[in-house]
Amino acid sequence: MKILVCVSKTPDTTAKIAFTDNNTKFDNNGVQWIINPYDEWYALVRAIELKEADPSSVIHLVTVGTADADPIIRKALALGGDEAIRVNADSQDSYYVAAQIAQVARDGGYDLLLAGKETIDFNGASIGGMLAELLDLPYVALAARLDLAGNKATIVREIEGGEETVEAELPLVISCQKGMAEQRIPNMRGIMAARTKPLKVVEPVAADTLTSIAAFGLPPAKAGVKLVSPDNVEELVRLLHEEAKSI
Amino acid sequence: MPVLIFIDSAEGHVKKASLEALTYGADLATQLGTHAEGIVLGNMTEDISALGKYGVKKIHQVADASLDQFDSQTYCAIIAEAVKATGSDLLVLSNNVHGKAIAPRLSARLKAGLVAGAVAMADTSNGFIVKKSVFSGKAFAQVSIQTAIKIIAINPNSYKTVANEGTAELVPFAVTIPASKIKLLQVNKASGEVPLTEAEIVVSAGRGMKGPENWGMVEELAKTLHAATACSRPVADAHWRPHNEHVGQTGIAIAPNLYIAIGISGAIQHLAGVNRSKVIVVINKDAEAPFFKAADYGIVGDAFEVVPKLTEAIKKMKAS
Ligand SMILES: Cc1cc2nc3c(=O)[nH]c(=O)nc-3n(C[C@H](O)[C@H](O)[C@H](O)COP(=O)(O)OP(=O)(O)OC[C@H]3O[C@@H](n4cnc5c(N)ncnc54)[C@H](O)[C@@H]3O)c2cc1C
């Protein structure tokens, strides 16, 4: 089986969020980069588990980004995966990115295409769905569990107030979230092996850009906390009822 | 050209998030000097024409039993047909679980620019710009859509529902329904509980609760407030609570009117998923807990004493 895992680089979860160039660009200054947690912990690790269960499987990683994404790809390869493809382009438009991955997917002929449910920077949650549409494949979003039996996938996905189990045949696109797999830490052998795994760089295909970011902004700061004594919870109830009007 | 709104439903009922999408779509239509229409898929048990009170004039319905089961591929194909048939150049839907699966498909199919996670009305004064939440609620972006057809998926709980008078005309929408390649095997829903993403009030607890056996008081408080329950990541990782309660940067992002955090330190990754809540109450025995900096109201105290007292005080207030 051939599995394609979409990975992207995001600022570390503790990174200071600030903007430059008149609030049009994310301020990279001093920012640590990580593999988007949903891509890493859930999509990639589940792919690795599937390969452990069926060692004849092949895992390819794909990212759309410039050379500064390479350390992140090597880190992903250290966890597992056989080779990586980087489409050498920089775009904030989900459609443009999905169109690049769709081309890689067509060229590679994959049975299973996994993405994280969203990136923690742009929170677009769009790549999986766009990819599925561009490839005319079924798509299961927000999957918390994936099991394979031959050509058949059983998936548990989130719904409001619960979850549902669905079944579909491969090829298939899935976006992954918590529940899928447990986080892993790369070991020394993996890190050594990753150095020599192929990282292919391909040039982007022509694709449209449908949106652009005009400006960023930060939410207004909170006014400050009003503390209430633990011996006077009635006062908190009164404030929530009369002042905040939230109960 | 009307604004078209996808009305999402489950088990024949319109979801609360779709009422927000309806209000948003109707307001946007008014702003643009046009009108709003809706589309609903599957069989409905409630009276759909009553949705006219949220500002839609007409609702297209494909009342086919095969659509009672959600599949992003079939839904996308039908909604795309509806966009064409109505001549609509603006599609509005909720960025809820179904919205997240269909909006990107529709964007790719219609080559329509998508803003997923919109939090405010579009600015149409100069171009078409929609404010969306980014960096897990730590910032926002003004996104400009450049295509002729545009799609806005609004985050649940970010647009106030307004109901006026009115009924909508219900029209069957004739369309070929593609066969679904996804088969539903089982639905697991905690009945009677408020779904986390739709909840107005969320009661959340962390490692300060010491163990799963102590969640009774958290649930009791939630019940008293008709609230949903949530938890921090280590609590879900330790299987004290189900993983679908995990909120934060790597869990579910929520924006309720009221978020009550009990025994949660307020790590930056936790805040990222809850900082869009309108009012935050923190109960923590450590006055230095970072959560107090993000809170509106707080009690420095032991949760095991404060929470039961708070529940009683709310019951008393509700009874009076
Ligand atoms: C990449 C990454 C992603 C992450 N994503 C998430 C995420 O999505 N969501 C998330 O929640 N975390 C996330 N985390 C973890 C996060 O950093 C914190 O470790 C976590 O939120 C802490 O959970 P907690 O507040 O329940 O526990 P703790 O930090 O242990 O805090 C417990 C709190 O309870 C208080 N307390 C103890 N006893 C009592 C008592 N009797 N009464 C009142 N208060 C009491 C303590 O003072 C303390 O403040 C992530 C971490 C990383 C590195």
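The values are calculated or read from the model by the stated rules, or taken from the named source; none is laboratory data. Quick caveat: nothing in here was measured; it's all calculated off a predicted structure. Every residue, glycine as well, gets a Cβ built from its backbone with ideal geometry; the counts of neighbours run over all protein chains shown. Each accessible area value is taken on the protein alone, full model and side chains, heavy atoms only, with ligands, DNA and RNA left out. Shrake-Rupley method; radii C 1.70, N 1.55, O 1.52, S 1.80 Å.
Placing +1 at every Lys and Arg Cβ and -1 at every Asp and Glu Cβ, with all other atoms neutral, what dipole size does chain A have around its Cα centre, in debye to the nearest 20? Provide the component values of the computation, followed by the final result.
Details: 24 positive and 35 negative charges, 155 e Å.
Roughly 740 debye, rounded to the nearest 20.
Heavy atoms only, probe 1.4 Å: what % of the accessible area of the stretch B:1-142 goes to carbon and sulfur, would you let me know? List each step's numbers first, then the result.
Working: 2000 of 4140 Å².
Carbon-and-sulfur percentage of accessible area, whole number: 48.
Find out how many positive minus negative residues lie around B:Ile154, taking Lys and Arg as positive, Asp and Glu as negative, among other residues whose Cβ is under 15 Å from that of B:Ile154. Each step should come with its number before you reach the end.
Working: positive: B:Lys15, B:Lys16, B:Lys100, B:Lys131, B:Lys132, B:Lys150, B:Lys160, B:Arg276; negative: B:Asp8, B:Glu20, B:Asp27, B:Asp123, B:Glu198.
Spelling it out: positives minus negatives among the neighbours equals +3.
When the Cα centres of the stretch B:198-227 and the stretch B:64-132 are compared, how far apart do they sit, in Å?
Comparing the Cα centres of the stretch B:198-227 and the stretch B:64-132, I get a distance of 35 Å.
Read phi for every residue in the stretch B:166-182 and hand back ³J(HN,Hα) as whole Hz from Karplus 6.51 cos²θ - 1.76 cosθ + 1.60, θ = phi - 60°, with x for Gly and Pro.
Listing the rounded values in order: x, 10, 9, 7, 9, 10, x, 9, 8, 7, 6, 9, x, 6, 6, 9, 10 Hz.
In Å, what is the Rg of the alpha-carbon atoms in the stretch B:81-223, and how long is Dmax?
Cα only, the stretch B:81-223: 19.8, 57 Å (Rg, Dmax).
Would you please name the trypsin sites (Lys or Arg not before Pro) within the stretch B:97-163 that are DSSP coil residues with at most 13 other C-beta atoms within 10 Å of their C-beta?
Details: sites: B:Lys100, B:Arg105, B:Arg109, B:Lys111, B:Lys131, B:Lys132, B:Lys138, B:Lys150, B:Lys160; in loops: B:Lys111, B:Lys138, B:Lys160.
Answer in residue order: B:Lys111, B:Lys160.
Can you give the relative contact order of the stretch A:1-77 as a percent, counting alpha carbon pairs under 8 Å and 6+ residues apart? Could you put the intermediate results ahead of the total?
Working: 88 pairs, mean separation 34.7, N = 77.
For the stretch A:1-77, the relative contact order is 45 percent.
Normalised by the residues of chain A, what does the relative contact order come to in percent, with Cα pairs under 8 Å and at least six apart?
Relative contact order, chain A: 24 percent.
If R0 is 30 Å, what FRET efficiency do you get for B:Arg207 and A:Glu49 from their C-beta distance, rounded to 0.05? Let's see the in-between values first.
Details: r = 28 Å, r/R0 = 0.92.
That pair, B:Arg207 with A:Glu49, gives E of 0.60.
Give the relative contact order (percent, whole number) for chain B; include only Cα pairs under 8 Å separated by 6+ residues. Don't skip to the end; give the middle numbers.
On the way: 708 pairs, mean separation 46.4, N = 320.
The normalised contact order for chain B reaches 14 percent.
With a bin width of 5 angstrom, please list the P(r) values of the stretch A:102-247 as percents of all Cα-Cα pairs, from the 0 bin to the one holding the largest distance.
Reading upward from the zero bin: 2, 7, 11, 12, 13, 12, 12, 10, 7, 5, 5, 4, 2, 0.
Binning every alpha carbon pair distance of chain A at 5 Å from zero, what are the percents per bin?
Once binned at 5 Å, the Cα pair distances of chain A give 1, 6, 12, 16, 17, 13, 11, 8, 6, 4, 4, 3, 1, 0.
From the C-alpha coordinates alone, can you work out the Kirkwood hydrodynamic radius of chain B, in Å?
On the way: mean 1/r = 0.0479 Å⁻¹.
Radius from the Kirkwood sum: 20.9 Å.
Using every pair of alpha-carbon atoms in the stretch A:53-116, split the distances into 10 Å bins beginning at 0 and state the percent of pairs per bin, rounded to integers.
In whole percents, the pair-distance histogram is 19, 53, 26, 3.
Kindly state, to the nearest 0.05, the FRET efficiency for A:Asp136 paired with A:Lys200, given R0 = 41 Å and r defined as their beta-carbon distance.
Details: r = 25 Å, r/R0 = 0.62.
It comes out at approximately 0.95.
Considering only protein heavy atoms, what is the solvent-accessible area of A:Asp231 at a probe of 1.4 Å, reported in Å² to the nearest 10?
Near enough 130 Å² of accessible area.
Of A:Leu79, A:Gly162, A:Ala144, which is farthest towards the positive pole of the stretch A:2-218's charge dipole, taken about the Cα centre with +1 and -1 on the beta-carbons of Lys, Arg and Asp, Glu respectively?
Result: A:Leu79, furthest along the dipole toward the positive end.
How large is the charge dipole for chain B, taken about the Cα centre, if only the Cβ atoms of Lys, Arg (+1) and Asp, Glu (-1) carry charge, to the nearest 20 debye? Could the numbers behind the result be given before it?
Values: 31 positive and 29 negative charges, 130 e Å.
So the dipole magnitude of chain B works out to roughly 620 debye.
What does the convex hull of the Cα atoms come to per residue for the stretch B:3-172, in Å³? Please report the intermediate quantities before stating the final value.
On the way: hull volume 17.6 nm³, N = 170.
Taking the convex hull of the Cα positions in the stretch B:3-172, it is 103 Å³ per residue.
Restricting to DSSP loop positions (anything but H, G, I, E, B) with no more than 13 other Cβ atoms inside 10 Å of their own Cβ, which trypsin sites (Lys or Arg not before Pro) remain in the stretch A:188-247? Don't skip to the answer; put the middle values down first.
Values: sites: A:Arg189, A:Arg195, A:Lys200, A:Lys222, A:Lys226, A:Arg238, A:Lys245; in loops: A:Lys222, A:Lys245.
Sparse-neighbourhood loop trypsin sites (Lys or Arg not before Pro): A:Lys222, A:Lys245.
At a cut-off of 10 Å², which residues of the stretch B:38-75 become less accessible once all protein chains are present than in their chain alone, using a 1.4 Å probe?
B:Phe70, B:Ser72, B:Gln73
For B:Ala163 and B:Asp68 in the same chain, what is the full-extension length gain: residue separation times 0.36 nm, less their Cα-Cα distance, in nm? Walk me through the numbers before you get to the answer.
Working: separation 95, 0.36 × 95 = 34.20 nm, distance 2.64 nm.
Once the chain is fully extended between B:Ala163 and B:Asp68, it gains 31.6 nm.
Using a 7 Å offset from the Cα along the Cα-to-Cβ direction at both B:Lys183 and A:Asp147, what is the distance between the two label points in nm, to one decimal?
1.5
Calculate, axis by axis, the spread of Cα positions in the stretch B:196-319 along the three principal axes, and write the results as whole Å, longest axis first.
Principal-axis extents of the Cα atoms in the stretch B:196-319, largest first: 38, 31, 29 Å.
Under the rule of at least 5 residues apart or a separate chain, name every residue whose amide H is placed under 5 Å from the amide H of B:Ala139.
Excluding prolines and chain starts, which carry no amide H, the hits are B:Val134.
Return the sequence-ordered ³J(HN,Hα) values of the stretch A:206-213 in whole Hz as given by the Karplus equation 6.51 cos²θ - 1.76 cosθ + 1.60 applied to θ = phi - 60°, using x for Gly and Pro.
For the stretch A:206-213, the Karplus curve yields 5, 8, 7, 10, 9, 9, 8, 8 Hz.
Among the chymotrypsin sites (Phe, Trp or Tyr not before Pro) within the stretch A:49-127, which fall in a DSSP loop and have no more than 11 other Cβ atoms within 10 Å of their own Cβ?
Values: sites: A:Tyr95, A:Tyr96, A:Tyr110, A:Phe122; in loops: A:Tyr110, A:Phe122.
Answer in residue order: no site qualifies.
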